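> Here it is, the structure in full.
The values are calculated or read from the model by the stated rules, or taken from the named source; none is laboratory data. Please read all numbers here as calculations on a predicted model, not as lab measurements. Every residue, glycine among them, receives a Cβ derived from its backbone with ideal geometry; neighbour counts consider all protein chains shown.
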Amino acid sequence: MHHDAAAVSSMLQHVRTPRRAFRKRIVVLPAYNAESTLAATIEDIPRDVVDEIILVDDRSRDRTVELARALGLTTIVHERNRGYGGNQKTCYDTALARGADVVIMLHPDYQYDGRLIPAFLNVLELGVCDVMLGSRVRTRHEALAGGMPVWKYVSNRLLTLTENILLGQNLGDFHSGFRVYTRQVLETLPYHDFSEDFVFDSQFLASAAYFGFRIGDAPMPCRYFAEASSINFRRSCTYGLATLSTVAKFNLQRLGLGRFRIFERRNAAARP
């Protein structure tokens, strides 16, 4: 089919989004007993593209706090253990209060490769996505060779397939601990109403999908080893059931058959 230059130019202008200018980029680390892996995690973060690194400690029993301060990180310490979701709430509250335009949430257990931060930021800066996840499961061989337990791989695949279908997405790994969000996402989602436990992550993505934010992912090396944090089989089952409950609520609210606080806009002035 033939297109003249003016038609092609008009089409390109229609699909091209303006490049975003992220003046302040902040990495947040939700930490619990991360002493043995924190230094390696920090070493991989490209400091020339990151303005600040914030670590929120959830009452670790090791020297995570002392090490974080020695490494020059902005360090927040919870007075009591609040859980994984509660930790992230403090992470995002602190990052927003310190003027973040974009927030990179990275588990400090060295499962995820911080060297890829610039590539993920570029996707958001180009306006292609509002949320980016690091996918550990580009192929089954890579995931298992990286140390992911077989039962965890199978449950990840089944849950991700279910979430893709019921949330209308097409992601490779819904359960990543490497996530990048624009400020607008965090100012819109009612994340204070999300769980204090691990299902916080699923609620966050379901809420982002509900408000129409564009969610994407890209491959990331999978690293599983003894020091890496990972929930056990029993807690994984609880997490899986809570995730299924979250996607069910998403569809009930979409159909007008229910109303749930996790899908109520936090800030009416923010628009996806």
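> Hey, E79 hits all of (1) more than 15 Å from L186 (Cβ to Cβ); (2) outside any helix (DSSP H, G or I); (3) under 20 Å from the mean Cα position of the chain (by Cα) but one; which does it fall short on?
(3)
> Quick one: count up the residues across region 18-61 that are more than 19 Å from P118 (Cβ to Cβ) and in contact with a Gly (Cβ under 8 Å, 6 or more places away or on another chain).
Summing the residues that are more than 19 Å from P118 (Cβ to Cβ) and in contact with a Gly (Cβ under 8 Å, 6 or more places away or on another chain) in region 18-61 gives 2.
> If you don't mind, another one. Could we say that S236 is at pLDDT below 95, within 20 Å of G85 (Cα to Cα) and in contact with a helix residue (DSSP H, G or I) (Cβ under 8 Å, 6 or more places away or on another chain) here?
yes
> Against the definition (of a type in the set (A, V, I, L, M), under 20 Å from I215 (Cα atoms), within 16 Å of the chain's Cα centre (by Cα) and surrounded by fewer than 18 Cβ atoms within 10 Å (Cβ to Cβ)), how does A100 come out, yes or no?
On the way: of a type in the set (A, V, I, L, M): yes; under 20 Å from I215 (Cα atoms): yes; within 16 Å of the chain's Cα centre (by Cα): yes; surrounded by fewer than 18 Cβ atoms within 10 Å (Cβ to Cβ): no.
When the stated conditions are applied, A100 does not pass them.
> I'm trying to understand the selection: among the residues of region 47-76, which are in a helix (DSSP H, G or I), touching a helix residue (DSSP H, G or I) at 6+ places or on another chain (Cβ under 6 Å) and farther than 21 Å from F178 by Cα? Talk me through it step by step, then tell me what you get.
First, pick out the residues of region 47-76 that are in a helix (DSSP H, G or I): 64-70.
Still in the running and touching a helix residue (DSSP H, G or I) at 6+ places or on another chain (Cβ under 6 Å): 64, 67.
Across region 47-76, the qualifying residue is only L67.
> Of all residues being of a type outside the set (A, V, I, L, M, F, W, C) and in a helix (DSSP H, G or I) in region 200-214, which is surrounded by the fewest Cβ atoms within 10 Å (Cβ to Cβ)? Just the residue, please. Working first, answer last.
We begin by selecting, within region 200-214, every residue of a type outside the set (A, V, I, L, M, F, W, C); these are 201-203, 207, 210, 212, 214.
Next, only the ones that are in a helix (DSSP H, G or I) stay: 201-203, 207, 210.
Numbers: D201: 24, S202: 26, Q203: 26, S207: 26, Y210: 22.
Of everything passing the filter in region 200-214, Y210 is surrounded by the fewest Cβ atoms within 10 Å (Cβ to Cβ).
> Give the residue that is surrounded by the most Cβ atoms within 10 Å (Cβ to Cβ), with candidates limited to residues of region 3-46 that are in a loop (DSSP other than H, G, I, E, B) and modelled with pLDDT of 95 or more.
A34
> Let me ask you something else. Restricting attention to helices (runs of 4 or more DSSP H) lying wholly within region 94-177, give those where 3 or more residues are without any contact (Cβ under 8 Å) to a residue 40 or more places away in the chain.
Values: elements: 117-125, 140-145, 150-167.
Fully inside region 94-177 and qualifying: 140-145, 150-167.
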